[in-house]
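> Next up is a structure, given as structure tokens.
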Amino acid sequence: MMRTFMLAAASAAVFALSPTVFGQQSDHGTAEQAKAMLLKAEAAVKADKTKAISMFNNGEGGFRDRDLYVFCANASDAKIVAQGNPNAKQQLGQDQRTLKDATGKAFGLELYAAGNKPDGQITEVRYMFPKPGADPKPVPKVSLVTRVSDLICGVGYYK
């Protein structure tokens, strides 16, 4: 009887301390949340491109959430115009096609190719990249990329 009570009490304690009970979020964004942010970014660009780019770069308006953020490049010259990752601000103005990850993979070419598909088509690009505000060591990432007017925009989630 005492053993049953102790097991029940321990189970109750584990459940009570569970993050889902307290409504806490994980520190990682999901694929679904990345897609939702990308669709929100697409709407923002269509409404006011200049304001949207500023919001992406500053992480305002819900365009930086934990490890999710928006990045964009011009479709014409591949110049990066928005980079929501504070660890990667040095990429602003760089040709997206020149980006390589820590393994040497030319993921920038894949981002650019994904963004030159028809408007609204979302393509996954996989590569290694550092998380925002975290250890600068690159980790696996999947970016959802689409063309929005004359921009190539993406939001990635970390694996």
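> For segment 106-127, how many residues are farther than 18 Å from Y157 by Cβ and either surrounded by fewer than 21 Cβ atoms within 10 Å (Cβ to Cβ) or under 16 Å from the mean Cα position of the chain (by Cα) (or both)?
Looking only at that region, the number is 10.
> Moving on. Among the residues of segment 68-82, what is the count of those that are assigned to a strand (DSSP E or B) and within 19 Å of D150 (Cβ to Cβ)?
Residues that pass the stated criteria total 9.
> Out of all the residues in segment 83-101, which are surrounded by 14 or more Cβ atoms within 10 Å (Cβ to Cβ), modelled with pLDDT of 95 or more, in contact with a Gly (Cβ under 9 Å, 6 or more places away or on another chain) and not in a loop (DSSP other than H, G, I, E, B)?
Scanning segment 83-101 gives D95, Q96, R97.
Every residue, every condition in (1) modelled with pLDDT of 70 or more; (2) among the β-branched types (V, I, T); (3) surrounded by 10 or more Cβ atoms within 10 Å (Cβ to Cβ); (4) out of contact with any helix residue (DSSP H, G or I) (no Cβ under 9 Å at 6 or more places or on another chain), yes or no:
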| site | (1), (2), (3), (4) |
| --- | --- |
| M1 | no, no, no, yes |
| S18 | no, no, yes, yes |
| A31 | yes, no, yes, yes |
| M37 | yes, no, yes, yes |
| E60 | yes, no, yes, no |
| D67 | yes, no, yes, yes |
| F71 | yes, no, yes, no |
| A75 | yes, no, yes, no |
| K79 | yes, no, yes, no |
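> Yes or no: segment 62-69 includes at least one residue that is of a type in the set (F, W, Y), within 20 Å of D27 (Cβ to Cβ) and touching a Phe, Trp or Tyr at 6+ places or on another chain (Cβ under 6 Å).
yes
The values are calculated or read from the model by the stated rules, or taken from the named source; none is laboratory data. Computed from a predicted structure; not experimentally measured. With ideal geometry, Cβ positions are generated from the backbone for all residues, glycine too; neighbour counts draw on all protein chains shown.
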